[in-house]
1. For the stretch 114-131, what are the residues that are in contact (Cβ under 8 Å) with a residue 12 or more places away in the chain, over 29 Å from LEU70 (Cα atoms) and not hydrophobic (A, V, I, L, M, F, W, C)?
2. Checking ALA221 against (1) modelled with pLDDT under 95; (2) surrounded by 14 or more Cβ atoms within 10 Å (Cβ to Cβ), only one condition comes out false. Which one?
3. Can you name every residue in the stretch 223-243 that is in contact with a helix residue (DSSP H, G or I) (Cβ under 6 Å, 6 or more places away or on another chain) and either outside any loop (DSSP other than H, G, I, E, B) or within 30 Å of PHE120 (Cβ to Cβ) (or both)?
4. In the stretch 95-114, what residues are open to solvent by 40 Å² or more (accessible area, probe 1.4 Å) and part of a strand (DSSP E or B)?
5. Please enumerate the residues belonging to the stretch 1-25 that are open to solvent by 30 Å² or more (accessible area, probe 1.4 Å), over 25 Å from ASP113 (Cα atoms) and at pLDDT below 95.
6. Where residues in the stretch 137-175 are acidic (Asp, Glu) and in contact (Cβ under 8 Å) with a residue 24 or more places away in the chain, which of them is surrounded by the fewest Cβ atoms within 10 Å (Cβ to Cβ)?
7. Kindly indicate which of ALA134, ALA178 is open to solvent by 30 Å² or more (accessible area, probe 1.4 Å), small (Gly, Ala, Ser), in contact (Cβ under 8 Å) with a residue 24 or more places away in the chain and part of a strand (DSSP E or B).
8. Would you check if ALA205 is small (Gly, Ala, Ser), closer than 19 Å to GLU263 by Cα and either assigned to a helix (DSSP H, G or I) or touching a Leu at 6+ places or on another chain (Cβ under 6 Å) (or both)?
Amino acid sequence: MTSSGIQPRQDGSAALRLLRDGELTLEGRLVDASNATLRGVLTLDGVSAHCVYKPVRGERPLWDFPDGTLAGREVAAYLVSRATGWDLIPPTVLRDGPFGTGSCQLWIDEPADAEPLVGFVPADALPPRWFPIAAARDDDGTPYALAHADDPRLARLVVLDAVINNADRKGGHVLLGADDRIYGVDHGVSFHVEEKLRTVLWGWAGRQLPPDALEVLDALAGQVAGALGEELAEHLTISEIVELAARIDRLRDSGRFPLPPEEWPAVPWPPI
């Protein structure tokens, strides 16, 4: 997964130390990203790993996110993910780098033979246990479906996205690591005080949350009111933390996966 063999879950503390204190050497820019997103190599005490570095100075201003930084939201999303115990976001820190302060996240290498869990599939050949989300056609008019697998790992990611109010869960932001775990990346447009959930993972919409998700939400509510809330205050506004707690309460009270919104687009563009 990385050149050092560091695993985000099993070696979380080692990964965080490498991210915070390692020497960062840049390799290049990810050109498809809308904000400055750079791949680099971290080295510390003979251990190295690839990372994604997103400097604050490379962020394009967003009218609906006037406070804080996208980099800070990346770190806040990781802190919430870590608090759930699901570890759905790779270790992420805020640190200084070649272009100033930015988020630094452990790079996830997907195996070459990894089976995709989200994507466009022929409309007449939907894989077993997949949810169709939206209809589409290619340039020749052939019908396709935007769909995703009925996978409990993805369901957990849906709960996390609802908690952090993720406005940009594209299919390309769901990665399968070499450790056979699912990871979500790119959370810079999360935690808005207004509902902005946009995702390609609507397959469970309106269904009951599994018992383990309700247990996690119960525990998370207490953590946001305590130490986690204090950590998040370094990256989010007080209003955003208050709304985070309110979203957790609403999910606990409803006991169901969220429904697609009617007031704004439910699926991000592009979806993959």
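The values are calculated or read from the model by the stated rules, or taken from the named source; none is laboratory data. If you're wondering where the values come from, they're calculated on a predicted model, not measured in any experiment. Please note: Cβ atoms are built from the backbone with ideal geometry, for glycine as well, and neighbour counts cover all protein chains shown. With ligands, DNA and RNA removed, areas are computed over all heavy atoms of the protein, side chains included. Shrake-Rupley method; radii C 1.70, N 1.55, O 1.52, S 1.80 Å.
1. GLU115, PRO122, ASP124, PRO127, ARG129
2. The number of the failed condition is (1).
3. Across the stretch 223-243, the qualifying residues are GLN223, VAL224, LEU228, GLY229, GLU231, LEU232, ILE241.
4. Listed by number, the list is empty, since nothing qualifies.
5. SER13, ALA14, listed by residue number.
6. ASP150
7. Unique residue meeting the criteria: ALA134.
8. So ALA205 fits the description; yes.
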